1. If you build a Gaussian network model of the chain, linking Cα atoms that sit under 10 Å apart, which residue out of Phe81, Phe184, Phe209 swings the most?
2. Measuring from label point to label point, each 7 Å out along Cα→Cβ, what is the Ala127 to Leu238 span in nm?
3. Please arrange Asp160, Asp5 by accessible surface area, largest first, computed with a 1.4 Å probe and ligands excluded.
4. Where does each of Arg176, Arg1, Arg19 land when they are ordered by accessible area, with a 1.4 Å probe and the largest first?
5. If the elastic network links every pair of Cα atoms under 10 Å, which of Leu49, Leu194, Leu126 fluctuates the most in the Gaussian network model of the chain?
6. Which percent of the accessible heavy-atom area of the chain goes to carbon and sulfur, probe 1.4 angstrom?
7. With all protein chains present, calculate the accessible area of Thr144 using a 1.4 Å probe and round the result to the nearest 10 Å².
8. Per DSSP H run of at least 4 residues, take -39500 (n - 2.57); add these up for the chain, divide by its residues and hand me the 222 nm value, nearest 500 deg cm²/dmol.
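The values are calculated or read from the model by the stated rules, or taken from the named source; none is laboratory data. Because the structure is predicted, anything quoted here is derived from the model rather than measured. As a convention, Cβ positions derive from the backbone with ideal geometry for all residues, glycine included, and neighbour counts pool all protein chains shown. What goes into the accessible areas is simple: the full protein's heavy atoms, side chains included, and nothing from ligands, DNA or RNA. Shrake-Rupley method; radii C 1.70, N 1.55, O 1.52, S 1.80 Å.
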Amino acid sequence: RHGFDADHIAVIDGMTRARQLHHSYWTSRLVGAQFALGHSAVILVASMLLYGQSAALPQWLDGLGVAISTCFLLVIAASNFSHALSADSSVPKPVGPVAAALFRLTGRQLHPALVGVAFAMSFDALAQAAFFASRGSEFSGISTVISMAAVFGLGMTVADAANGALLNWFASRSDRLARQASRFSSGFIALIALLAASAGIMREYESGFAKTWEGMGMWIGVGMVGVTSLVYMARISLQKARLQRTTDQVHG
């Protein structure tokens with residue numbers, strides 16, 4: 001469920017798209033797994049540190065988590081919109097000083113893991129760690145804490161890695177069929193990032209929206225993956241039909 005959080009899905013899609021446009025085709029397949037490993041590593045370490053402790057998590061972590069996810073999602077949206085709106089459809093990568101600085105500072109392979117670490121600095125994520133720590137105190141000890149956090153991380157990694165690999169397959173296949181599809185893909189991913197950032201802000205300030213969002217659980221994230229898949233399947237089918245018509249006209 002945690003792996004299908006809307007902000008996870010949006011940031012993984014955005015980073016996957018960025019690596020495709022930087023021609024890092026192999027590493028683009030691994031973005032989801034790298035993000036989840038960084039995220040789950042923080043939860044594992046936090047669970048072990050919180051074991052046997054009774055301190056409550058500070059409420060300001062909630063606002064910090066929203067700020068971190070919003071900043072990353074807005075950078076992803078701006079960078080991809082820049083590419084989508086570019087008059088030159090052959091532009092190889094999204095343009096943006098912040099995105100370029102992140103690549104220089106973190107490197108293309110490590111960057112998703114560091115973003116996963118940053119996303120773990122939130123009340124929701126660390127509350128999971130506190131829960132594992134408290135359950136370990138009630139049962140067999142630190143081994144229970146480690147086991148629960150590890151299984152939690154494994155589930156999240158499977159979900160996020162599958163989403164990143166799926167988006168990579170759809171977007172790269174679409175790009176190969178038509179040049180203008182590259183701009184479409186970037187615009188679509190930017191829109192997802194912008195919507196996820198907006199939803200995160202509304203969850204922070206609108207209690208009714210937050211309750212509805214929480215009640216729907218993982219289905220929002222699953223729905224995002226489903227809608228993305230349907231959009232790309234429709235796009236690929238349309239591109240194939242256009243190519244076939246062009247081929248028929250040439251041979252006709």
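1. Evaluated over the chain, the most mobile residue of the options is Phe209.
2. About 4.0 nm, to one decimal.
3. Values: Asp160 0, Asp5 50 Å².
In descending accessible area the options line up as Asp5, Asp160.
4. Most to least solvent-accessible, the answer reads Arg176, Arg1, Arg19.
5. Maximum among the listed residues: Leu49.
6. Result for the chain: 67 percent of the exposed heavy-atom area is carbon or sulfur.
7. 30 Å²
8. -27500 deg cm²/dmol
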